[in-house]
1. Hey, can you tell me all the residues within segment 13-60 that are away from the ligand (no atom under 16 Å from the Cβ), under 30 Å from HIS212 (Cβ atoms) and loosely packed, with under 12 Cβ neighbours inside 10 Å?
2. Residues to consider are ALA199, ALA183; find the one that is within 16 Å of the ligand (Cβ to nearest atom) and either over 13 Å from the mean Cα position of the chain (by Cα) or at pLDDT 95 or above (or both).
3. Tell me, yes or no, whether segment 101-117 has at least one residue that is under 15 Å from the mean Cα position of the chain (by Cα), among the hydrophobic types (A, V, I, L, M, F, W, C) and closer than 18 Å to CYS26 by Cα.
4. Within segment 87-120, how many residues are of a type outside the set (Lys, Arg) and under 22 Å from LYS16 (Cβ atoms)?
5. PHE68: surrounded by fewer than 19 Cβ atoms within 10 Å (Cβ to Cβ), closer than 23 Å to THR167 by Cβ and among the aromatic types (Phe, Trp, Tyr), yes or no?
6. I'd like the full set of residues that are surrounded by 18 or more Cβ atoms within 10 Å (Cβ to Cβ), assigned to a loop (DSSP other than H, G, I, E, B) and hydrophobic (A, V, I, L, M, F, W, C), limited to segment 245-269.
7. Which pairs have Cβ atoms under 6 Å, sit 6 or more apart or on different chains, and link a residue in segment 94-111 that is in contact (Cβ under 8 Å) with a residue 12 or more places away in the chain and more than 13 Å from the ligand (Cβ to nearest atom) to one that is outside any loop (DSSP other than H, G, I, E, B) and basic (Lys, Arg)?
8. Please name all residue pairs, on different chains or six or more residues apart, with Cβ atoms under 8 Å, provided the first residue is in segment 34-55 and is in contact (Cβ under 8 Å) with a residue 12 or more places away in the chain and hydroxyl-bearing (Ser, Thr, Tyr) and the second residue is within 16 Å of the ligand (Cβ to nearest atom) and assigned to a loop (DSSP other than H, G, I, E, B).
Amino acid sequence: MIRYEEPVFRPPSEAKSLIFQITLGCSYNRCTFCGMYKMKRFRIRPLEEVIEEIRWASKEYPFVRRVFLADGDPLCVPTDYMLRVLGELYRGFPRLERVGTYATPQNLLEKSPDELRDIREAGLKILYVGVESGSDRVLEFVKKGVNQRQIVEALVKAKEAGFTVSTTFILGLGGRDWWEEHALESAKVVNEAVPHYTAALTLMLIPKTVLHWQAQRGIFKVPTQRQIMKEMLLFVENIEVETVFRSNHVSNLIPIKANLPEDKLRLSNELAGYILMTPEEPLPSTWLGPF
Ligand code: SF4
């Protein structure tokens, strides 16, 4: 059987994928806004355990077409380990079309171009990379551990190795002081790295995170709903390259799907309309307590 250690996260587009946890938690686990894996001590699961689960699942669900590897940043595992897992997956599931996983910019920077190419050729096809912001000031404030230049380098490296790259940015992460810089510098990352997919989530303040604590004390100024819409417009208006744009996460105020840049005018007009209708009130997802 598959022994999941909860909670297990996956991107919305991996809803139909069979999930294997090859790591538990996040090897970095220091971003101040993130509470996803705070309760887990990071570890790489023993390879024999993972292989046993894959073999069991391949008998139970032989028609699986998609697999997602969890938890937070499985690309941190040694390359040989990843190649063994991928080999086992494609042997076990003859109809398997795609394997995806989360990856941090750090994971990508740590692997050599040859290692990334080997992993891609072994069948890891799509990487979901949390960029969060393109602004060095915001990245430093939220302790992302990388700057804009390193993020662009990591994304370009992933694309050159042949991966489909899906990026996520967090609207509102610049608070009220840096929202314009956050939107403009994030668009700059998209323009320089040209990810296949660009997703804009909206900030959710998670109790017990450092950012939540900072917001309670006014160190981080929580954005308003209208600001989020203005930020989205500024972000979209400044993306000049081809990317599939999505803002349809549960955290978002309105669901958006667009192909940029061709849908830019339509989307900008829609967003300008939404801005007028959106109140200057705090985001529902940034309620501060009591907890
Ligand atoms: S945002 Fe990603 S890299 Fe940062 S702590 Fe959370 S899972 Fe780890």
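1. Within segment 13-60, just ALA15 meets the criteria.
2. Values: ALA183 fails: within 16 Å of the ligand (Cβ to nearest atom).
That would be ALA199, the only listed residue that is within 16 Å of the ligand (Cβ to nearest atom) and either over 13 Å from the mean Cα position of the chain (by Cα) or at pLDDT 95 or above (or both).
3. Here is the first cut: in segment 101-117, the residues under 15 Å from the mean Cα position of the chain (by Cα) are 101-108.
With among the hydrophobic types (A, V, I, L, M, F, W, C) added as a condition, the list becomes 103, 108.
Restricting the remaining residues to those that are closer than 18 Å to CYS26 by Cα gives 103, 108.
So far as segment 101-117 goes, yes, one or more of its residues are under 15 Å from the mean Cα position of the chain (by Cα), among the hydrophobic types (A, V, I, L, M, F, W, C) and closer than 18 Å to CYS26 by Cα.
4. 13
5. Working: surrounded by fewer than 19 Cβ atoms within 10 Å (Cβ to Cβ): no; closer than 23 Å to THR167 by Cβ: yes; among the aromatic types (Phe, Trp, Tyr): yes.
Against the criterion (surrounded by fewer than 19 Cβ atoms within 10 Å (Cβ to Cβ), closer than 23 Å to THR167 by Cβ and among the aromatic types (Phe, Trp, Tyr)), PHE68 does not qualify.
6. LEU253
7. Once the first residue is in contact (Cβ under 8 Å) with a residue 12 or more places away in the chain and more than 13 Å from the ligand (Cβ to nearest atom) and sits in segment 94-111, its partners that are outside any loop (DSSP other than H, G, I, E, B) and basic (Lys, Arg) give ARG98/ARG66; ARG98/LYS125.
8. Here the result reads TYR37/GLY25; TYR37/CYS26; TYR37/ASN29; TYR37/ASP71; TYR37/GLY72, each pair linking segment 34-55 to a residue that is within 16 Å of the ligand (Cβ to nearest atom) and assigned to a loop (DSSP other than H, G, I, E, B).
The values are calculated or read from the model by the stated rules, or taken from the named source; none is laboratory data. All values derive from a computational prediction rather than experimental measurement. Virtual Cβ from ideal backbone geometry, glycine too; neighbours counted across all protein chains shown.
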